[in-house]
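The values are calculated or read from the model by the stated rules, or taken from the named source; none is laboratory data. Please read these numbers as outputs of a predicted model, since none were measured by experiment. Quick reminder, even Gly has a Cβ in these numbers, built from the backbone with ideal geometry, and neighbours come from all protein chains shown. Just the protein is used for accessible areas: all its heavy atoms, side chains included, with ligands, DNA and RNA removed. Shrake-Rupley method; radii C 1.70, N 1.55, O 1.52, S 1.80 Å.
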Amino acid sequence: MQAAYCFIDLVGSRTNFADQTQVLTLLQHLQKKLNDRFPDLLTPFMVKDGDGLLGGFQAADQAQLADLFIFCNAYLRSVAFRQFWEPLFGSVDLPEFYFGVGLGKLVTVEKADYQDVNRVNGSAIVNALTAVDQAKRLMQGATLPLGYPFSTSLFKWQLVTDQAAETANGISALFYLIYERLLNTKLRKETFALLYAQPNLKRYELAQILWEAYGNLTYQVDYTQQKERAVASSKISRLLNQMDYPLIEQTLTTVRAQLMSLAEVNA
């Protein structure tokens, strides 16, 4: 059967963490968040090789890979994650991950085996591991025919498929456009993360969170005053125009459609 797997590999797991139990604590925390957020996974995320998470969708659900990538980036920039991260790890610097996606075949026969990342097998998993290796090489400055270095993003996307390499690279290019070109500052990344998690936020509410929770002085106003809220709302509107928020949404719609086109090609 066709499937789509993702290997999320912690950057610097053996150099940035003196205590390897911290690595496991971090991975198990993310494992729970991902499995709760994506209940339709063919293989739930589990720790693999000690410093990464592996999980997968059936081909019919692989458009959710886009939302998985967005969710991962948004969650690590959330207040909730910082409340977990900073007390335990004593650092305000957020962790980074390689995000390797593999599309291909799953040769595991027994459905019960789908629940265990150590028992599933096939080119989808091999491609996901290969994608992580390529993402590492891209970040080290290697020139590869496919892929882009996600130097400012917390998750470094790379996609490898059994075929349709040009379409796969087109998807990577669109994510690169969003996360490295349009969301090219910390503020823009935080703003998009907040809007993804809470799409119905009013403009002044978004500004208030950026000030009170993220400490951005640009949005420090008296939110009890209507005129001050209006000023903050105007600033947010300008920010969304500068980051071309409608284009981001349109691009993500295209990414989901292209992921599904790959599922149809491989069917």
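Annotation: the chain has a Kirkwood hydrodynamic radius of 19.4 angstrom, from the mean reciprocal C-alpha pair distance. In straight-distance terms, cross-link reach from residue 189 covers every one of the aspartates and glutamates whose alpha-carbon lies under 16 Å from its own, apart from those fewer than eight places away in the same chain; here that gives 67, 93, 96, 180, 244, 249. For the chain, set up a GNM with springs between Cα atoms under 10 Å and report which of 92, 117, 221 has the largest fluctuation. Fluctuation is largest for 92.
Summed over the residues of segment 57-102 and divided among them, the accessible surface reaches 34 Å² per residue at a probe radius of 1.4 Å.
Checking every one of the GluC sites (Glu not before Pro) in segment 213-267 against DSSP loop status and a limit of 12 other Cβ atoms within 10 Å picks out no site at all.
Springs between Cα atoms under 10 Å define the GNM used for the chain, and in it the highest mean-square fluctuation of 35, 216, 184 occurs at 216.
Centre-to-centre separation between the Cα atoms of segment 174-195 and those of segment 213-250: 15 Å. When each full DSSP H helix of the chain is screened for a Cα extent of at least 27 Å along its own axis and an average Kyte-Doolittle hydropathy of at least 1.0, none passes.
In this rough spin-label picture, where each label sits 7 Å from Cα along the Cβ direction, the residue 83-residue 165 distance is 4.7 nm. Modelled this way, with points 7 Å down the Cα-to-C-beta line, the labels at residue 112 and residue 213 are 4.3 nm from one another. Distance distribution P(r), segment 118-245, all Cα-Cα pairs, bin width 5 angstrom from 0: 2, 10, 16, 16, 13, 10, 10, 9, 7, 4, 2, 1, 0 percent. Once you reduce segment 28-52 and segment 54-90 to the center of their Cα atoms, the two points are 10 Å from each other. Measuring against 25 Å, Cα to Cα, the residue pairs 156/202; 111/136; 105/156 contain 156/202; 111/136 as the ones spanning a longer distance. Comparing 81, 97, 71 in a Gaussian network model of the chain, where Cα atoms under 10 Å apart are tied by springs, the biggest mean-square fluctuation is seen for 81. Would you mind working out the magnitude of the charge dipole of the chain relative to its Cα centre, with +1 at each Lys and Arg C-beta and -1 at each Asp and Glu C-beta, to the nearest 20 Debye? Taking the Cα centre of the chain as origin, the dipole is about 620 debye. Restricting the trypsin sites (Lys or Arg not before Pro) of segment 111-145 to loop positions (DSSP other than H, G, I, E, B) with no more than 12 neighbouring Cβ atoms within 10 Å leaves 119. Spatially, segment 103-121 and segment 1-24 are offset by 20 Å when compared through their Cα centroids.
What segment 159-199 shows is 41 Å² of accessible area per residue, with the surface traced by a 1.4 Å probe over protein heavy atoms. If you look at the Cα atoms of segment 186-243, you get an Rg and a Dmax of 10.3, 28 Å. For segment 186-243, carbon and sulfur atoms together expose 46% of the accessible surface, with a 1.4 angstrom probe and every protein chain in place.
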